[in-house]
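The values are calculated or read from the model by the stated rules, or taken from the named source; none is laboratory data. Note that the coordinates shown come from a computational prediction; the quantities given were computed from them, not determined experimentally. Cβ: placed from backbone, ideal geometry, glycine included. Neighbour counts: every protein chain shown.
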Amino acid sequence: MKEFMTGNHAVARAVRLCRTPLIAAYPITPQTPIYEKLSEWEASGELKGIMMRTESEHSAMAACIAASLTGVRTFTATSSQGIALMHEMLHFAAGCRVPVVMANVNRLLAAPWGFWADQLDSLSQRDTGWIQLYCENGQESLDTVIQAYKIAEQVYLPVMLSLEAFFVSHFMEVVDLPEQERVDRFLPPIDLPHKFDIDKPGFLVPVVSSELYRKYKHMAQISVDSVKEIAVRVDQEFKKEFGRGYGIIEPVMLDDAEVVIVTAGSITSTARLAIKDLRKQGNKIGLLKLRLFRPFPVEAVRVALRGKKKIAVIDRNISLGCGGIFCQELRAALVHSPDHPLTYSYIAGIGGTDVTPEVIQKIALDVMSKNEPTDAPIWVMEDY
Amino acid sequence: MDIKYDFSSEFAIPISYGSSEVIETGKWGFEKPETAFMTAPCQETCPAGNAIPQFLYLAGEGRSKEALEAILKENPFPGVCGRVCFHPCENNCHRGQYDEVVSISAMERYIFDVTSNHHPDIHPISNADSKQVAVVGSGPAGLSAAYFLRLLGYRVTLFEARKELGGVMRWGIPEYRLPKSILKEEIERILQLSIDVKTGEKVGKEIPFEELDRFNAVFLSSGTGLSLSLGIEGEDLKKVWRGGDILDRINSGDKPRIGKEIIVIGGGNTAMDVARSALRLGSRVIVAYRRTRAEMPAIEDEIREAEEEGVRFEFLLLPVKISVLKNRRIRVKFQRMRLRGWDQSNRHKAIPIKGEFLTLEADGLIKAVGEGVDLSWIPETLSKNSLINVNSSLTTSNPKIFAGGDAIDQPRTIVTAIASGKKAAISIDLYLRGCTSEDVFSKIRVGNKGALSMEAYLSGRNGGNWSELKEVISYPQLNTLYFEHSKRVEMSKLNRNKALKGFSEVNLGLTSDEAGISASRCFSCGTCNYCYNCYFFCPEGLISLDPLHQTKTVDLDHCKGCGTCAKVCPRYVVLMKELS
């Protein structure tokens, strides 16, 4: 069944389809419609779970962690300052190995204050041990929530999916809603291991020795790495059930491409259009969409970009003092490839500025004209 | 701690099934909370040093018997004081700075009323040598001295010239303010401590003063006894009465015929009592006072009630001559006065307006311009300035004779008389034990206004281990964020028509609901009332409270000294003390 809806409502719908019994959240623009929709359904009885209204995002995550340890599926949604406040608990979630699923609506971080799309909020949480997926549109956001539970519950690690403020969260698109029976088949009800058991009281996160800390971290690293394979498998199963798949990365017209535009999130769909036009003009150009960010799909990226001459990574984020974060990751992934391509970092769309097909074409022409490597990020401004 | 390290799968996390109590986190702190009670301003201002926050707390919890016993530690007259005390405590209630003061007096009365027939758990301490003390006069000072001397273990003989005990409470205060049955109950409770009572014989008359020599110590509390005269022409006329005499007659069951229209001279409590009694005898009453309403020495409540009941007030009038008319009515000539300057007691002085007079006619006149002390029966060496002369420990020039109440130089109120009885009992105890040189009073003071604590005295008396003095709490020390605004609760009253038909008690007391509200309005300044704020806010859950035994414990092995409990205490009872 197809419905016209926003990305936020697509996420809410997915949470309902996954029969999540415990949702704990705190409202924040531009995530609030997810919170409101789930509250509405809780009131009407359409949501079979509890919508817990906490006093902060920090508490929301603490509630999700605790609930997950009692064996139930949990969900939260946040954005920007909310995820920043949640930071401490994000480490706890990963360290406690709880399969919490969170939707983060990418919004810039203050200061200065603003509400616009920017990926820095979720990318700042890169090292918390969460699995991270970036969504291109509402449909993908919905599908990714369902996939996220399936991944999380296999590795006992929390999963965060990100969709950009307004471009995805508030734009309305036609979304194909999966049927409940098929979601139930793909994602059966689960009883997670009960770490909290009233018949056997105990407490988690006791003090451990240095060696033990290292041991648990090492085990977690192995688990996170395994997600590269698990995410691919889950996506394939999803495609089999629902007819849609995304991969952990998506190569677009890459086979004969010499120059590759790399994107993550909503800029990808604009880039798809720009590439077509550039191709028509006779440019050997392709597109690589990054969907899985943590763990970073090093091997997949390396294979996809083998033999390419130049890469332009478009980042709607900036790690001040370095450059675009996706670009850094990509450069690191390619460093062991023989004759690896020249990789350029383009900063575009920061603070919600619009990245039009024309902007992407300009970037493409610019990268095609370059022959020397450039370390510094290249800012794409109006007068560029 | 029993920590389970599970490496069975890479999803494992460490879990402990033991308790983290073994970690003594209390060792990390630099400060520890200490519960330190302070003196509330009401308590300081009460001449008897009544533990007001404590008895209000107990009453609010429905523990009225314990509340009564808390009062009886410092004051044997809750039923009397709850009715007729001028309650200075209420003038200093911190709640007055927040909204409206707590109805302390009405609560004291309530506690007495609901515990009627209860035998309080109060006993004399054992005192082996058990010396004998004589108390002369059974007003509030004498009865209080007898009560506290008995609690201190002495054998007490109480001498009373009248046939019944009670002094001014029995003969001076009208029934509609203090029913005789209430007084009787209070006196019976005191006499149950076994006090030898001799009534109907006056010391200095039937009993020679020298008879007191056989006692180890003597307390004189004979009150006033003399009506002051106006010193004007016509004062001795037939229809001119003394206020004290009229009240005495009414309180003896008599209904004196005073006429349809009466003039009362004076502005004190006796004048008000006489005026209101006259209304009840069917008279119309004019009170003539030489200053204005603001200077009247009577209790504000009494003035207001007199006004409400229909007493007419004429101010700035000084009687200069009384004469009889042919129709047997009397005529009073008044000098008109005006206020100018201040006297020694900081009251406005009234001076005559030259040539301006007013004449009033009435069926009779009652003078209530104050009382003098009858000193005719005591050795001259004991008196000075028409009063019995005592030093700060209430000792007369004779070291074994002490005095208190209205006969000495102190405000003439019931509660100051009670306070002097208590102080004298302590002085006598110190004298009989040969401890007069020790400065005990400063160690048992309640605040800085002269009130003393008998409880503190009893606890330190034997070993000299005096409990730590509690400072008086100031308003800014309270954390008023935890209080809600509310209205003061007033007692309901007999309606005016009913009240004036006889001498039934006017104030009807509080209902149990009203008392509950009234008690809960107390901020309990400086005294823990088990509000549980510290308990709820302690992040570590280390505080245990036991309201029943009124104890509080903090698990100091685990208290990190965060100070939250001190911050959230509304009444400044928890203080953080630095560890040495």
Subject >> One residue from A:A117, A:A10 being at pLDDT 95 or above, in contact with a Phe, Trp or Tyr (Cβ under 9 Å, 6 or more places away or on another chain) and buried (at least 20 other Cβ atoms within 10 Å of the Cβ) >> reply: A:A117
Subject >> Output for region A:217-256, where each listed residue is of a type in the set (S, T, Y) and either away from chain B (no Cβ under 14 Å) or surrounded by fewer than 18 Cβ atoms within 10 Å (Cβ to Cβ) (or both) >> reply: A:S226, A:Y246
Original post:
For region B:152-171, which residues satisfy the criterion of being touching a helix residue (DSSP H, G or I) at 6+ places or on another chain (Cβ under 8 Å), over 30 Å from B:K498 (Cβ atoms) and assigned to a loop (DSSP other than H, G, I, E, B)?
Top reply: B:L152, B:Y154, B:R162, B:L165
Subject >> Hits in region B:157-201 (condition: among the hydroxyl-bearing types (S, T, Y) and within 22 Å of B:E108 (Cα to Cα)) >> reply: B:Y176, B:S181
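Can you tell me which residue among B:E471, B:E490 is farther than 17 Å from B:V101 by Cα and touching a residue at least 12 places away in the same chain (Cβ under 8 Å)?
B:E471
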**OP:** Quick one: which strands (runs of 3 or more DSSP E) lie wholly within region B:471-580 and hold at least 2 residues that are among the hydrophobic types (A, V, I, L, M, F, W, C), more than 28 Å from the chain's Cα centre (by Cα) and on the phi < 0 side of the Ramachandran plot?
**Re:** B:543-546, B:574-578
Original post:
Restricting region B:525-568 to residues that are polar (S, T, N, Q) and in contact with a Phe, Trp or Tyr (Cβ under 6 Å, 6 or more places away or on another chain), which is nearest to B:N92 (Cα to Cα)?
Top reply: B:T527
Original post:
Counting just the residues of region B:247-272 that are under 19 Å from B:E305 (Cα atoms) and touching an Asp or Glu at 6+ places or on another chain (Cβ under 8 Å), which one comes out surrounded by the fewest Cβ atoms within 10 Å (Cβ to Cβ)?
Top reply: B:L247
**OP:** Please tell me if B:V287 is outside the structural domain of B:S393 (by TED's automatic domain parsing), modelled with pLDDT of 95 or more and among the β-branched types (V, I, T).
**Re:** yes
Original post:
In the set B:G96, B:G142, which member is closer than 22 Å to B:G172 by Cβ and not hydroxyl-bearing (S, T, Y)?
Top reply: B:G142
Subject >> Filtered residue count, region A:186-215, keeping only those that are facing chain B (nearest Cβ under 7 Å) and either of a type in the set (A, V, I, L, M) or touching an Asp or Glu at 6+ places or on another chain (Cβ under 9 Å) (or both) >> reply: 4
Subject >> Hey, B:D254 in a helix (DSSP H, G or I), farther than 30 Å from B:D429 by Cβ, free of Cβ contacts under 8 Å to residues at least 60 places away in the same chain and not aromatic (F, W, Y) or not >> reply: no
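Within region A:77-99, identify whether any single residue is over 22 Å from the mean Cα position of the chain (by Cα) and either away from chain B (no Cβ under 14 Å) or buried (at least 22 other Cβ atoms within 10 Å of the Cβ) (or both), and answer yes or no.
Looking through region A:77-99, none of the residues is over 22 Å from the mean Cα position of the chain (by Cα) and either away from chain B (no Cβ under 14 Å) or buried (at least 22 other Cβ atoms within 10 Å of the Cβ) (or both).
I'd like to check which strands (runs of 3 or more DSSP E) are fully inside region A:116-219 and have at least 2 residues that are closer than 25 Å to A:L22 by Cβ, hydrophobic (A, V, I, L, M, F, W, C) and within 18 Å of the chain's Cα centre (by Cα).
A:131-134, A:159-164
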Original post:
Just one of B:K552, B:K560, B:K567, B:K498 is touching a residue at least 24 places away in the same chain (Cβ under 8 Å) and surrounded by fewer than 16 Cβ atoms within 10 Å (Cβ to Cβ); which is it?
Top reply: B:K567
Original post:
Has region B:172-194 got any residue that is within 25 Å of the chain's Cα centre (by Cα), in a strand (DSSP E or B), closer than 22 Å to B:D429 by Cα and not assigned by TED's automatic domain parsing to the domain that holds B:G502?
Top reply: no
Original post:
Do you know which residues across region A:120-176 are out of contact with any strand residue (DSSP E or B) (no Cβ under 9 Å at 6 or more places or on another chain) and within 14 Å of another protein chain (Cβ to nearest Cβ)?
Top reply: A:E153, A:Q154, A:Y156
**OP:** For region B:74-85, state whether one or more residues are surrounded by fewer than 22 Cβ atoms within 10 Å (Cβ to Cβ), more than 14 Å from chain A (Cβ to nearest Cβ) and in contact (Cβ under 8 Å) with a residue 24 or more places away in the chain.
**Re:** no
